[in-house]
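Notes follow once the structure below has been shown.
Coordinate-derived values only; no laboratory data. Remember, it's a predicted structure, so these values are computed and weren't measured experimentally. For neighbour counting, all protein chains shown are included, and Cβ atoms are generated from backbone atoms with ideal geometry for every residue, glycine included.
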Amino acid sequence: MPIATNTGIQIEGLSKRYGTGATAVDALKDVNMSVAPGEVVGLIGPSGSGKTTLLKCLGAIITPTHGRMTLGGEVIFDQGWKIKDLTALRRDRIGFVFQAPYLIPFLDVRDNVALLPMLAAQPDAKARERSMELLEALDVAHRANALPSELSGGEQQRVSIARALANKPPVILADEPTAPLDSERALAVMRILNQMAAQYRTAIIVVTHDEKIIPTFKRLYNIRDGQTIEEAGQGHSVH
Amino acid sequence: MISLAGRDILHSWGRFLLTGMGLGLLIGVTLTFAGVYRGMVDDAKVLLNNSGADLWVVQQDTQGPYAESSSLRDDVYRSLLGLPGVAQAANVTYLTMQVRGPSGDVRAMVVGFEPGQPGEPAFLVAGRRITRGHYEAVADVRTGFVPGERIRIRRHEYTVVGLTRRTVSSGGDPMVFIPLKDAQEAQFLKDNDAIVGERERIAANPAFNRPGVPGLLEAVTASQTTSHNVNAVLVRMADGHPAAVLAETIGRWKHLQAYTRAEMEELLIAKLIATAAKQIGMFLVILAVVSAAIVAFIIYTMTLGKIREIAVLKLIGTHGRTIAGMILQQALGLGVIGFIIGKLSASLWAPLFPKYVLLETGDAVLGFFLVMAVCALASTLAIRAAFKVDPAAAIG
């Protein structure tokens, strides 16, 4: 899959309708959004506002009804998917960080991160080299041979961030990554995400309702009734 | 590329091993059942081999001496010896009965034979051959008798002088070989009370006790207390003479029934043990179905326990075929563990069975491929479940 110049992610007029006729529900209505490489933006909104639907559309898990999405400079959706293999799209071009780390319990830390490059047909040695590089950057390289069950919650979350970065995706989608953490650890995770975004020129969208981390965003998208409103954030430094 | 299945198995090897052991015991039972059938067939073949005959001559219109009872006069062999192509012909008797030994009764097939003739045990593993005309016996080691022991067959006691091995009836009972005359007496002669009663009955019959015919009553009485019957005549062919041709000649001119080796094998395997074989076949089918159901259930349950991981794997870009491969490999891995344990178990417990259990390599190889096929088939249910997992389940 040819990768165009990384320009982050742009969404224009994206909508998603569930059902048909009288029972149809518009989960997303004409959503516009843009995240530049190296930028971390927040996506906030009350429950049922459409955050998760938007995340699923961005993650190529569900198909939007209308709109256009550009990822890393390439149009991936324009009234329909422009890429056949959505699994490969997710593997190579989108990183995921979840509320819980969801690491593969039977793989050690190094191979949890190396799995994605391996799935993308990279040689094992190169994939593990990439894994170690990311683990070093995230300060968990010393736990490379440990199983996920042997790590603390914070360490697990850092490994999941490393996994999301493994295939150098232009965008990372983080679904409430700080929800189970206390303030200190939540801010630490945000610090890491900001560092990684800057270091690897990755656009990061963080879905959250965590009041502790909202002040850290420079830019926010507030989603209400399926529509986004761009807001300026406070951008408190977490470095 | 990492073997996801291999890593998962290594990670939870204890659970895999325990599951494999359960499955293995089931496979072991299945292999043993196949071994029981093979043992029955082998017993039948061994019975024919041990007789050393090319042709079995029995009573007309019977399928004796193993599948049906057969009785013919003990001078028939003389007329057979005169036929072209006959090298040896010898009388034999077969009688399955309880033989009383020093440590209790043993169910055995008592064989009456003539030394140096077909029907004699081919080899001994201990002791010597029978050298006296009466009251000596050679026993199969599975009877538990040892040389020098005294055993009782009907009214007489015999000394065990030798032991042989793998001489069994088609039913798997060990054999005890005794001289033909003793065996005829054991099989056909009545007990003393019955003989006395019979004498009185004959004496009271005016047809046998005529005043003007001296010696008639004694002659009739004597004929009732001697036996000149045997169950079969075993014929060994001279080189270059086909047994089938002689069998046809005997059937046509001697008013007897003759079976070749192939026909006798057909009688024993296709008819005598046919019902037992079908019974075992049914058990094998049921066990195979139960094994498949258990493997399917285990793999399915294991897959359901990994739904979240599968959703994450799918979300982060793992193709369905990779996940299907992981489940299939785990199912096959379980099958391999189960087969190894099953084969070991069957090999360990087979000698403990009272009847011969023959575990053939061919059956084991076939069993292995069947287990693999069953595991692959059983994994489809789990693979289907994995394909249905929505990657969005990882997001919530």
When the dipole is taken about the Cα centre of segment A:169-232, and only Lys, Arg (+1) and Asp, Glu (-1) are charged at their Cβ, what size is it in debye, to the nearest 20? 320 debye
As I understand it, the dipole of segment A:9-232 uses +1 on the Cβ of Lys and Arg and -1 on the Cβ of Asp and Glu, about the Cα centre. Which of A:ALA198, A:GLN157, A:LEU116 lies farthest toward its positive end? A:LEU116
When the chain is fully extended, how far beyond the present Cα-Cα distance does B:PHE283 get from B:TRP253, taking 0.36 nm per residue of separation? 6.2 nm
Theoretical FRET efficiency, 1/(1+(r/R0)^6), r = Cβ-Cβ of B:ALA393 and A:GLU230, R0 35 Å, to 0.05: 0.70
Taking the Kirkwood radius as the inverse of the mean 1/r across Cα pairs, report the Rg/Rh of segment A:100-166. 0.92
Average partner coverage of B:317-323, which counts Cβ from other chains inside 10 Å: 5
Place a +1 charge on the Cβ of each Lys and Arg in the protein assembly as shown and a -1 charge on the Cβ of each Asp and Glu, then give the dipole magnitude about the Cα centre in debye, rounded to the nearest 20. 460 debye
Hz values of 3J(HN,Hα) by residue in segment A:188-201 - Karplus curve (6.51, -1.76, 1.60), Gly and Pro given as x: 5, 5, 4, 4, 5, 4, 5, 4, 5, 4, 5, 5, 9, 6
Enter the Cα centre distance for the pair segment B:275-317 and segment B:195-222, rounded to the nearest angstrom. 77 Å
Which one of B:SER12, B:SER51, B:SER227 has the biggest mean-square fluctuation once chain B is modelled by GNM with Cα springs under 10 Å? B:SER12
Summing +1 for each Lys or Arg and -1 for each Asp or Glu, what net charge is found among the other residues whose Cβ lies under 15 Å from the Cβ of B:ARG128? -1
For chain A, set up a GNM with springs between Cα atoms under 10 Å and report which of A:LEU135, A:LEU220, A:LEU89 has the largest fluctuation. A:LEU89
Give me Rg/Rg_expected for chain A, where Rg uses Cα atoms only and Rg_expected = 2.2 N^0.38 Å with N residues. 0.99
Based on Cα coordinates alone, diagonalise the gyration tensor for segment B:3-58, multiply each eigenvalue by 5, take square roots, and list the semi-axes in whole Å, largest first. 48, 10, 6
Contour minus end-to-end for B:ARG100 and B:LEU366, with contour as 0.36 nm per residue of separation and end-to-end as the Cα-Cα distance? 91.5 nm
At q = 0.05, 0.08 Å⁻¹, what is the log10 ratio I(q)/I(0) for the protein assembly as shown, with the Debye formula run over Cα points and no solvent? -0.48, -0.71
DSSP loop (so not H, G, I, E, B), at most 16 other Cβ within 10 Å: list which GluC sites (Glu not before Pro) in segment A:136-239 pass both filters. A:GLU211
For segment B:337-388, listing trypsin sites (Lys or Arg not before Pro) in a DSSP loop whose Cβ sees at most 15 other Cβ atoms within 10 Å gives B:LYS355
Under DSSP H, which helices of chain B have Cα atoms covering 30 Å or more of the helix axis and a Kyte-Doolittle average no less than -0.5? B:13-51, B:274-304, B:320-349, B:361-388
Along the charge dipole of chain B, pointing to its positive end and built from +1/-1 on Cβ of Lys, Arg, Asp and Glu, which listed residue (B:SER12, B:LEU26, B:ALA232) has its Cα farthest out? B:SER12
What percentages make up the Cα-Cα pair-distance distribution of segment B:31-112 when the bins are 5 Å wide from 0? 3, 11, 16, 20, 18, 14, 9, 5, 3, 1
In µm²/s, what is D for chain B at 37 °C and 0.692 mPa s, where D = kT/(6 pi eta Rh) by Stokes-Einstein and Rh is the Kirkwood radius from Cα pairs? 128 µm²/s
Suppose every Lys and Arg Cβ carries +1 and every Asp and Glu Cβ carries -1, with no other charges. What dipole size does segment A:9-232 come out with about its Cα centre, to the nearest 20 debye? 440 debye
What is the diffusion coefficient of segment A:145-239 in µm²/s, taking the Kirkwood radius over Cα pairs and the Stokes-Einstein relation at 4 °C with a viscosity of 1.567 mPa s? 91 µm²/s
Build a GNM of chain B with springs between Cα atoms under 10 Å: which of B:ALA44, B:ALA274, B:ALA108 gets the top mean-square fluctuation? B:ALA274
Over segment A:9-232, what is the mean sequence separation of C-alpha contacts under 8 Å (at least six apart), divided by residue count, expressed as relative contact order in percent? 30 percent
Degrees, to the nearest 10: A:109-119 long Cα axis against longest axis of chain A: 60 degrees
